[in-house]
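To start, the structure itself, in structure tokens.
The values are calculated or read from the model by the stated rules, or taken from the named source; none is laboratory data. If you're wondering where the values come from, they're calculated on a predicted model, not measured in any experiment. Heads up, the Cβs are rebuilt from the backbone with ideal geometry, glycines too, and the neighbour counts pull from every protein chain shown. The area values use the complete protein model at the heavy-atom level, side chains included, leaving out ligands, DNA and RNA. Shrake-Rupley method; radii C 1.70, N 1.55, O 1.52, S 1.80 Å.
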Amino acid sequence: VTSATASGLILSAGKVLVGRARPLTGEGKGEFRPFSFDDDRYRSFPSGHALFAFSTAYAIGKQFKNPFLKAGIYSLGLIGPASRVWEGEHWLTDVVVSMALGVAVVESVDHYLKNERERSSHPPKKISWHLNLGPSSIGLTGTF
């Protein structure tokens, strides 16, 4: 869920900022119209279908150790991106970069969550202070 949210924010900003023409426009892969807010013909990059399909498959595949099972899950994640290229909605580079972006987001979120788990399982060491009073002494003891 965290990866999907982060990917969605990157996706929304990327589509508007880049403004790449879709293959179906017939204008070519080098045609860009940044900040095309209302024209869907110039929102080819990044591919949302590729980003979400493959990042979901990648996140699920990371949960398993069996390489054949991982390959099967990753292959299922390739169906959406491949269909977008086949239908002419995206250029191959749109899909490949979007899939790489999805992997990077999943890895970043995973790394962050592992660090958070480690921090919470090892609470910071605290020093407890005790004041010692005796008939002819006074002292302060710190225990850590």
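Values as computed for the structure displayed
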read-out	value
Highest-fluctuation residue, I127, I73, I60 considered, GNM on the chain with Cα pairs under 10 Å	I127
Counted charge near D110, where neighbours are those whose Cβ lies closer than 12 Å (Asp, Glu -1; Lys, Arg +1)	+1
Å² per residue, accessible surface of the chain at 1.4 Å	67 Å²
Estimated Rh, the range 91-144: Kirkwood, alpha-carbon pairs, angstrom	15.9 Å
The chain - charge dipole about Cα centre, Lys and Arg +1 at Cβ, Asp and Glu -1, debye rounded to 20	520 debye
Rg/Rg_ref, the chain, where Rg_ref = 2.2 N^0.38 Å and atoms are Cα	1.75
Extreme residue, positive dipole direction of the chain, given options S55, L131, S36 (C-beta unit charges)	L131
Under-5 Å amide H pairs with R20, H placed in peptide plane, nonlocal only	R33, S44, F45
Selected from V106, V95, S75, residue furthest toward positive end of dipole (the range 1-133; charges at beta carbon)	V106
Relative contact order [Cα under 8 Å, 6+ residues apart], the chain, whole percent	21 percent
Angle in degrees between helix 67-86 and the longest Cα principal axis of the chain, rounded to the nearest 10	40 degrees
GNM result for the chain, Cα springs below 10 Å: residue of E27, E118, E89 fluctuating most strongly	E118
Heavy-atom accessible surface of the chain: percent carbon and sulfur, 1.4 Å	66 percent
Note, ³J(HN,Hα) from phi for the range 127-143, Karplus 6.51, -1.76, 1.60, rounded to Hz, x at Gly and Pro	9, 9, 9, 10, 8, 10, 10, x, x, 10, 8, 9, x, 10, 10, x, 10
Acute angle (nearest 10 degrees) that the helix 48-61 long axis makes with the longest principal axis of the chain, alpha-carbon atoms	50 degrees
Nearest-ten-degree value, helix 92-121 long axis tilted from longest Cα axis of the chain	10 degrees
Sparse-neighbourhood loop sites, trypsin sites (Lys or Arg not before Pro) in the range 40-144 - DSSP loop, at most 16 other Cβ within 10 angstrom	K62, K65, K125, K126
